[in-house]
Amino acid sequence: MDTRATVREFLVACRSRLTPEDAGLQVFGGNRRVAGLRREEVAMLAGVSNDYYVRLERGHLEGASDSVLNALARALQLDATETGYLFDLARAARIALPSKGPSVARGLRPNVARILDAIHDVPVFVTSTRLELLGANKLGQALYSPIFESGIAQMNIARWIFLDEKAKDFYVDYPKIADSAVGTLRLEALRSADDPKFTSLIGELSSKSELFRNLWAKHRVFKHPGGVKSFNHPLVGLVTLTYEPFQVIADTGVGMNIYTAEPGSETEEKLKIIGAWAAENQGAQPAASTIDA
């Protein structure tokens, strides 16, 4: 991975997203050649010289202190995930990283698979930080049936989101889902840029999806904190669920996502219908809850 190029792309993207008004700056005259902040404006907001900021934006983060990085994060109004990413970039610039980061687990350990099989009342998925769909319980398979039935997905949610038109109908807030998927992969790219499987995925999505290319160029980073998702399920229609992600500590880059419905809600009743359908039509779903990634 070219760390300096990544730093440059990230800082330029963050700077271009902020207007002078966002930063509390007064603008005199209307002849600005950039849509976002100028370099000298970021330098002023961060309390560093213009020459020093230019050096930082060219990718030279190796000498930046924590106080400078924090000042830069405040100037660019970075959130916690973006700030952590900036510090990770600086760390990558300072040290000789191994050619390949720790491998993301492939498949599930038997114990995790048994946990999935033991949960019946709520949908549960296990995914990697590369958005590989590693496993799901029966209700999870039934909820995400369009993904499991798709030949495009190949058990990677990002591939399905960007390469299968059905995804636009399945996700009620498709633009937000697409943006967060790219942000998740951007965050993962710092660790997996030298992994052929990961780079192949990014190359495929970039070549086949204009939307992915445009979002990738924005260099947003995103970490799923949990929240609410709505789906247009082919069997029951609109389903709105709250989800919480939990890290599987023993497996690098693996998380368990648990979805729940508001007690007494229409969605709770719809989940029961989906579950009953799945129990009666097991042949229409994947036979095992563990999926080869």
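Rule-based calculations on the coordinates, nothing more; no lab input. None of the values given here were measured: they were computed from a predicted structure. Cβ atoms come from the backbone with ideal geometry, glycine included; neighbour counts cover every protein chain shown.
Below are the figures for this structure:
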{"item": "Sorted by Cβ density within 10 Å, fewest first, the residues S230, S67", "result": "S67, S230"}
{"item": "Largest to smallest principal axis extent of the C-alpha atoms in the chain, angstrom", "result": "68, 44, 35"}
{"item": "Principal axis dimensions, largest first and in whole angstrom, of segment 110-284 by Cα", "result": "43, 35, 30"}
{"item": "Crossing angle, helix 3-17 versus the chain [Cα axis fit, 0-90 degrees, rounded to tens]", "result": "90 degrees"}
{"item": "E82, E210, E62 arranged by Cβ crowding within 10 Å, fewest neighbours leading", "result": "E210, E62, E82"}
{"item": "Cross-link pairs beyond the 28 Å C-alpha cut-off, checked among K138/K223; K168/K270; K138/K208", "result": "K138/K208"}
{"item": "The chain, relative contact order [Cα under 8 Å, separation at least 6], %", "result": "19 percent"}
{"item": "Average silhouette area of segment 1-93, convex hull of alpha-carbon atoms, in square nanometres", "result": "5.8 nm²"}
{"item": "Computed [θ] at 222 nm, helices only, for the chain once each DSSP H run of length n ≥ 4 contributes -39500 (n - 2.57)", "result": "-14500 deg cm²/dmol"}
